[in-house]
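Heads up, the thing below is written out as structure tokens.
Values quoted throughout were computed directly from the atomic coordinates according to the rules given, and no laboratory measurement underlies them. On a predicted model such as this, the values are computed, not experimentally measured, just so you know. With ideal geometry, Cβ positions are generated from the backbone for all residues, glycine too; neighbour counts draw on all protein chains shown.
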């Protein structure tokens, strides 16, 4: 017993136990799975770190602390011009310090107060991934979702609606399978991935809206249901869909 006690209470053994304890209790955020983060997941990831006021296809608006006196200022981030950010986790023995380090594209703008929040923040992996997804959308003028209004008008004008593309049908099957397995976040991911591929998908927008609403993702729920109404404004359940939007808008204000 004495020999075992001597081993258990050696500094090296205690340090090893502490190391595994820290590994087990240190939380490192992971990017949403499965597959690439969708636009709506990216917005939620960014909103989790910043008090976001409003998103647009080109960026977002938030309140930032701009000096040592903690004076807040409303800041608009133009994602088309924003530098990419990179998450790097550097492990130090018994410390396990994870720090976000930002990298800048060649020829990008110089740092200014718009990006101060990147300098001294322990931002998560999901924030970095979300930030870069939003940035990619802002820099892609041909992204299908950016021209949704025109696409919806053209789709409504079609006498015969085309079937959804095969790649979108796969997303639907995966979403339905995830929903049956009681994995709503995963189901929402697949529906939203399908919407990114084919924005004029009424069923996908409707189902995504209901799941997002159940998960308390009210901003996404409202956006998806509004897209559904834009596509099929005369649907039999159109009034019920409008009522859902009013409920989600009220709940969003109460959060």
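Here the residues 125, 49, 176, 223, ranked from fewest to most Cβ neighbours within 10 Å of their Cβ, fall in the order 176, 125, 49, 223.
Of the residues 134, 196, the one with the fewest other Cβ atoms within 10 Å heads the list, and the complete ranking is 196, 134. The ratio of the alpha-carbon radius of gyration of the stretch 144-254 to the globular-protein estimate 2.2 N^0.38 Å is 1.04. Taking other Cβ atoms within 10 Å as a rough exposure proxy, 214, 58 sort from fewest to most as 214, 58. One equal scatterer on each Cα of the stretch 191-238, no solvent, Debye formula: the resulting log10 I(q)/I(0) at q = 0.24, 0.31 Å⁻¹ is -0.78, -1.14.
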